[in-house]
Amino acid sequence: MVTPTAMRIWYVTIALLIWLGIILTGFSAAHWLLYIPAIGLTFAAITGICPGQVAISKLLGPKQTS
């Protein structure tokens, strides 16, 4: 599964906004839960594999076609 370049740019943009918020808030003041989407989106931008999308597809099962 290859992620298009436009989607990777979207992942980078959102990840940078989250990281900017963490930095401006302060690493010690930001809640640990905020790091999960920031790390996941950074990983998705680098590798092209979105952990959230993989988890949802495993939960919902294969796509049914009619």
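Read-outs throughout are calculated quantities, based only on the coordinates presented, and are distinct from any laboratory measurement. None of the values given here were measured: they were computed from a predicted structure. Ideal geometry is used to build each Cβ from the backbone, glycine not excepted, and the neighbour counts take in all protein chains shown.
How large is the helix-only mean residue ellipticity at 222 nm for the chain, computed as the sum of -39500 (n - 2.57) over DSSP H runs with n ≥ 4, divided by its residue count, in deg cm²/dmol to the nearest 500?
Numbers: 3 runs with 44 residues, N = 66.
Theoretical 222 nm ellipticity from helices: -21500 deg cm²/dmol.
Sorted on the mean count of surrounding Cβ atoms within 10 Å across their residues, most packed first, peptides 33-46, 50-63 read 33-46, 50-63.
Based on Cα coordinates alone, diagonalise the gyration tensor for the chain, multiply each eigenvalue by 5, take square roots, and list the semi-axes in whole Å, largest first. Working shown, then result.
Working: eigenvalues 149, 44, 12 Å².
Each semi-axis is the square root of five times an eigenvalue, giving 27, 15, 8 Å.
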